[in-house]
Structure formats: C-alpha cells, structure tokens
1. So MET53 ticks every box in (1) under 23 Å from LEU121 (Cα atoms); (2) buried (at least 20 other Cβ atoms within 10 Å of the Cβ) but one. Which box is left unticked?
2. Are any residues in the stretch 3-38 surrounded by fewer than 24 Cβ atoms within 10 Å (Cβ to Cβ), part of a loop (DSSP other than H, G, I, E, B) and touching a helix residue (DSSP H, G or I) at 6+ places or on another chain (Cβ under 9 Å), and if so, which ones?
3. Could you check, for the stretch 90-112, whether at least one of its residues is of a type in the set (Gly, Ala, Ser) and under 15 Å from ALA12 (Cβ atoms)?
4. Take the residues of the stretch 64-81 that are surrounded by 18 or more Cβ atoms within 10 Å (Cβ to Cβ) and out of contact with any strand residue (DSSP E or B) (no Cβ under 6 Å at 6 or more places or on another chain): which is farthest from PHE96 (Cα to Cα)?
Amino acid sequence: MAERQQASRELASLAAQACEDLKGKETVVLDLIPVTPIADFFVVTTATSARQMRAIAEEVELLMKKHGSRPRVGVEGRASETWILQDYGDIVLHVFSTEGRALYDLEHLWADAPLVEWKPLAKKLADQ
C-alpha cells in the first residue's frame, strides 16, 4: 500500500475511534481504494440525536486538523437531523441518524468496498 494511502487508513481508523468514543453506533470504515477514485475511505457511524451527530462531526474535524489531514473540502447537512457529511478528499465522514443510515444504506450501495479492521490499528496508534 502506498504511503499516502496508509496515512489515510490510519486517519480513517482514528476518526472511527473518535466516533465510537462519542458513542457512535455501528461504526465502519469502508476501503474505497479498489472500487473508486472518489475517495480512499468512508467512515460511517450512527448517532442517536442531531446534537450527537454534530458533536461527532466536530470531534472528527478537530482530530483531522490535529493529525495533519488535508483541509476539509466540503461539508453537508450541518443543520440536518439525518446526515452530516464531511469531505477531506481522501476520507469522507458520514454521520447518520438511525433513519438516515437505513435510507441511504451506504454499506449496501458500496458493497464492493472491503471493510477495514480499524479497531486494532486505532489502538496501536493510540498506544504510540
């Protein structure tokens, strides 16, 4: 794996851990590298309220800045009750409500994208 893609995988894993730390549910990281050039990884999580969605999005934004991610190139749904998207070019964060996640069903839409085993990598990075 190229160095840039490995760095993206590490950041996506840390973002997923941040989602879980703020009680995001069913957090997954999809590896889009073999599927599409639009991004390297999707981080997908579910929040139980709009307030929690915004808190998760804000925490991931801080984490990305702290770890030298590319600047955020786009954001959608800041005022939404169902979905917030933050695009960092190589990593895209999707924070859904339960209903929004079922409606958009990204895991099914991107079923060809392998799931990343992000927890061991996030733990290893946290222990460094």
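1. Condition (1) is where MET53 drops out.
2. Result: LEU22, LYS23, ILE33.
3. no
4. SER69
No value in this document is a laboratory result; all are computed from the given coordinates. Just so we're clear, the structure is a prediction, and the values are computed from it rather than from any experiment. Note: ideal-geometry Cβ built from the backbone for every residue, glycine included; neighbour counts use all protein chains shown.
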